[in-house]
Each structure stands twice: as C-alpha cells, then as structure tokens.
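For reference, the structure discussed in these notes is given below.
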Amino acid sequence: MTEAAVTPHQTAIDPAPVAPERDLLSKFDALIAERQALIDTGVRDPFAIVMEKVLSPTLAIIKGRETILLGTYNYMGMTFDPDVVAAGKAALDAFGSGTTGSRVLNGTYSPHKDCEEALKEFYGTDHAMVFSTGYQANLGIISTLAGKGEYIILDADSHASIYDGCGLGNAEVVRFRHNSVEDLDKRLGRLPKEPGKLVVLEGVYSMLGDIAPLPEMVAVAKKHGAMVLVDEAHGMGFFGPNGRGVYEEQGVADDVDFVVGTFSKSVGTVGGFCVSNHPKFDVMRLVCRPYVFTASLPPSVVATAATSIRKLRHAADKRAHLWQNSRRLHGGLKDLGFTLGTDTPQSAIIAVILHDQTQAVAMWQALLEQGLYVNMARPPATPAGMFLLRCSLCAEHTAEQVEQIIGMFDAAGRATGAIGSGT
Amino acid sequence: MTDRAQTFARVAEQIEPFNKKGVDVTDATTFQGDLEWDSLTVMDFVAAVEDTFDITITMNMQAEIETVGQLVDAVDKLQQG
C-alpha cells in the first residue's frame with residue numbers, strides 16, 4: 001500500500017474535522033477515564049458480564065464456569081417453570097413472534113387481554129393495563145396522572161423510572177427524605193390545597209432492600225387529599241397473603257389508588273403494568289403516551305406472564321422458602337462482620353455496603369472467581385454515594401446453596417480485607 | 001437593610017454549614033461550580049432553606065437555579081406569592 005492510499009484526500013466537499021469542543025460525547029470523558037482506569041488495574045468489567053448458558057433460575061455458565069446467580073430479580077424462580085415455558089411456546093406458534101403495533105391499534109391480541117385478566121384476578125382490582133416494560137409503566141402513569149399545575153411528591157430514593165416519569169410530565173415535583181413520614185407531612189402541608197397531588201411510594205426500595213412504612217405514609221397522603229401510587233416492582237410475589245406486595249402485607253390496599261409493577265422480576269419475563277379500582281382508569285389507554293406510542297409485547301411474552309401470575313397466586317410454599325433464604329443469608333453475612341443495608345432482613349434483597357469502588361470491585365471479582373454472581377451498584381444508582389454488592393435471593397436457591405454463598409463471602413471478604421482483622 | 005439584602009443574609013447563613021471550602025459567598029457564587037456541592041448536599045441545603053422561609057422550592061425551580069443570587073430572587077418571589 002502506498003503512502004497516498006492511506007492518507008485521506010481532502011476535497012472541498014469533505015466536512016471540516018469536528019472540533020473537540022463540538023464533540024457531543026466529550027462531556028462523558030471523565031466517566032470514560034474512570035472506567036478505563038478501573039479496567040487497567042486488571043479487574044473484570046462488572047458491567048459487561050455475559051451468561052453463555054443459563055442452566056436454571058439459580059445457575060449459569062459465565063466464562064465457562066458454573067456460577068450461582070445471586071444478582072437477578074428472579075425472586076420466585078419462574079423463568080424455567082414448565083407451564084410458563086409451554087404457554088410461551090404455544091402462543092409463539094399460534095400468534096407469531098410479535099404484534100408490530102401499538103396496544104391501541106393492531107397490537108392487542110387475546111393473550112394481552114388474558115394477561116390483563118390474570119392481573120385483575122391476582123390484584124382483585126377492576127382495571128389492569130399492561131405496558132411493554134416496567135420502566136414505561138412508571139414513565140407513562142406518572143407523567144400522565146399529574147399534569148401542569150398539579151404536584152408529584154416522591155421519595156428521594158425513588159427509582160430512575162419514577163424520576164424520569166416526573167421529567168417527562170409537566171407537574172411540579174417535590175421530594176421528601178427517604179421513608180420520612182414527618183418530612184412527607186411537612187412538605188404536603190406547605191403545598192396549596194386546591195391542585196391535585198400524587199404521592200409516589202415504593203414497597204421495597206431496591207438498592208438497600210428496605211421497605212416503606214406504608215400505613216403511616218398513606219395516612220399522611222390522604223390527610224392532605226393526595227392520591228397514592230405504590231410501585232411494587234420488588235414486592236410482588238412474596239409480600240402479603242396473596243403475594244400482591246408490601247401494601248397488601250401492611251394492610252393499606254383500600255387507600256392505595258394505583259399499583260405499578262413489572263413482569264421482569266417475580267413474574268420472570270418482561271413487561272410492566274398498573275392496576276387500579278378507579279372508575280375512570282381505562283381512559284389512561286388513550287392519553288398515556290408511553291402506552292400508545294410503542295409496540296405492544298410479543299404474544300409469547302404476555303402468555304408466559306399470564307401463566308406465571310396465575311401460578312404465583314398459589315405459591316405459598318415458595319414464598320416461605322424465599323423468606324427462609326433471606327433470613328439465613330442476612331444472618332450469615334451479618335455474623336461474618338459485613339455491613340448490610342438493613343439491620344433486619346426486610347425483603348429478598350440484601351445489600352452489602354463496601355468502603356469504596358476499589359474494594360467493591362475486588363470483592364465482586366473474588367466472588368465471581370469462586371463461582372458466585374452478585375450485582376455491583378454504584379452512584380448515581382445508589383443512595384448517599386454508596387458502593388454496594390447487592391444480593392437478591394430466589395425461592396429456587398436451595399438451603400445448601402445459601403450455605404455455599406455464605407462460605408464464598410467469607411473467603412472473598414478475608415481475601416480483600418472487607419472483613420477480618422482490624423475491621 | 002433592604003428586603004433582598006435580608007433574604008441574602010438568611011440564605012448565606014444556611015449556606016455556611018455546607019460551605020466546607022470556605023468559599024466567599026456572593027450573588028454570583030454557583031452551587032455546583034464554586035461550592036462543589038453534590039446532589040445530596042443540595043437536597044439537605046434546599047430543605048434547610050425551605051424550613052427557614054416556610055416555602056416549597058420544587059425540583060422544577062431548582063433546575064433553573066445555578067447561583068446564590070438566583071436562589072435569593074426565587075425565595076423573595078415565593079415569599080410574596
């Protein structure tokens with residue numbers, strides 16, 4: 001190859017080279033450098049894991065190694081349930097691979113309506129609306145419910161989809177201190193009386209795995225005339241006698257106006273929903289943009305969801321085993337000397353708080369090398385700038401696996417100095 | 001002291017406990033650039049200002065406020081309203 005061939009020819013019609021200050025991606029340079037510095041220390045990239053094979057809800061092959069999964073949201077272990085898989089296959093054969101259309105046009109098939117029926121049975125509500133993801137359910141419901149001149153009052157530790165729902169809409173947004181009933185009361189008290197208000201709460205806060213004091217919070221919201229939405233993404237399946245969520249367990253179902261949830265956790269597939277007894281709820285199908293302007297879920301997905309939801313109603317044994325796993329892991333990690341996100345086991349999420357990013361990544365990698373996958377979480381996803389290893393338990397983890405997991409944490413914690421002498 | 005000067009003085013008082021770098025506070029001081037506050041500090045500070053003046057500074061308003069001077073003007077406006 002000659003010199004000329006590798007030299008770009010400059011002609012009059014070539015665009016001028018982009019000046020560095022006009023490169024729109026330059027604003028991410030600090031993050032690119034931070035990530036590169038981390039990778040250069042020789043650790044595996046915690047945000048680039050590939051599962052080569054998935055053997056069960058609790059086991060996968062990662063880089064050729066059999067690995068226990070402790071960082072999924074497969075709480076009820078429904079992903080390989082034979083009835084669920086069979087329902088998906090049957091719908092795939094009968095209805096094809098996708099709808100290629102919006103729910104309000106050509107994208108509602110009988111499996112979509114059946115899935116909404118399954119939700120109404122599960123939640124005992126008059127209405128159910130299925131979205132393409134849980135993120136879109138929050139985005140759509142929150143941005144549409146509260147309009148210009150109205151108020152959304154949300155917990156400071158709310159999930160990104162709740163914040164983004166506020167960002168998409170036109171309402172005034174006020175936040176209160178995480179789980180503080182007093183702060184919620186104070187902030188609601190300062191707002192003008194007339195405009196409509198929506199208080200947005202979560203049953204389980206997913207970063208630390210703590211639950212909300214819903215009876216107190218809902219009472220305060222009602223006192224100030226606000227409507228209440230509870231996101232039960234991490235509570236569905238194993239809180240309450242029917243597995244509806246924290247709001248059912250805490251006995252506030254009658255005072256919660258809207259429940260938002262997802263199919264991508266206990267249900268074991270993908271999709272989102274909102275259920276309500278509000279008599280006018282169905283109008284949301286016409287006015288909610290993230291519902292209208294996107295393609296509906298593939299029929300196989302809603303068929304698996306409907307089957308899974310119907311089975312979850314009667315999964316009391318699985319629920320009991322999941323709680324047993326959560327209590328054992330929490331106690332075991334606490335005894336080893338780890339700092340945890342909650343003093344008591346409150347949900348199926350147990351967050352291990354590490355000192356900094358270096359220690360968190362070292363610990364994460366040491367666990368992976370032993371054959372255990374957990375989630376690493378860092379700011380801005382985490383509250384108070386914390387670096388966390390988040391463990392989420394599954395009803396399909398055996399008691400033996402939980403003991404194995406505790407043993408792996410013991411070894412990794414000592415190897416990285418996260419626990420042991422002097423700490 | 002004018003009303004605005006009084007508001008400025010009370011806002012400056014609320015800044016002090018969070019002013020770890022000892023920045024000289026003027027109307028032009030920015031919260032992110034000069035005071036180098038992260039989102040958690042901003043939240044605590046905003047709560048303190050709201051309590052002091054018994055007002056609500058919504059997140060929508062906070063997004064528009066970059067300097068101490070802009071905050072003082074916003075507080076004055078909210079108190080009149």
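The values are calculated or read from the model by the stated rules, or taken from the named source; none is laboratory data. Source: prediction; values computed, not measured. Glycine gets a Cβ as well: all are built from the backbone with ideal geometry, and neighbour counts include every protein chain shown.
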| request: Looking for whichever is aliphatic (A, V, I, L, M), out of contact with any Lys or Arg (no Cβ under 9 Å at 6 or more places or on another chain) and at pLDDT 95 or above here; the options are A:LEU372, A:LEU312, A:LEU340. Which one fits? | output: A:LEU372
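Looking at B:THR41, is it under 26 Å from A:GLY149 (Cβ atoms) and either within 14 Å of chain A (Cβ to nearest Cβ) or without any contact (Cβ under 8 Å) to a residue 12 or more places away in the chain (or both)?
Against the criterion (under 26 Å from A:GLY149 (Cβ atoms) and either within 14 Å of chain A (Cβ to nearest Cβ) or without any contact (Cβ under 8 Å) to a residue 12 or more places away in the chain (or both)), B:THR41 does not qualify.
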| Could you list, in sequence order, the residues of the range A:150-177 that are in a loop (DSSP other than H, G, I, E, B), touching a residue at least 40 places away in the same chain (Cβ under 8 Å) and either buried (at least 24 other Cβ atoms within 10 Å of the Cβ) or more than 8 Å from chain B (Cβ to nearest Cβ) (or both)? | A:GLU150, A:ASP157, A:SER158, A:HIS159
| query | Could we say that A:SER180 is within 11 Å of another protein chain (Cβ to nearest Cβ), of a type in the set (Ser, Thr, Tyr) and surrounded by fewer than 23 Cβ atoms within 10 Å (Cβ to Cβ) here? | reply | yes
| note | A:GLY203: passes all of (1) surrounded by 23 or more Cβ atoms within 10 Å (Cβ to Cβ); (2) more than 10 Å from chain B (Cβ to nearest Cβ); (3) out of contact with any Phe, Trp or Tyr (no Cβ under 7 Å at 6 or more places or on another chain) but (3)
| request: Could you list, in sequence order, all residues of the range A:385-414 that are modelled with pLDDT under 95 and in a helix (DSSP H, G or I)? | output: A:GLY385
| For residues in the range A:183-197 being in contact (Cβ under 8 Å) with a residue 24 or more places away in the chain and either part of a helix (DSSP H, G or I) or among the hydroxyl-bearing types (Ser, Thr, Tyr) (or both), which is nearest to the other protein chains (Cβ to nearest Cβ)? | A:ARG187
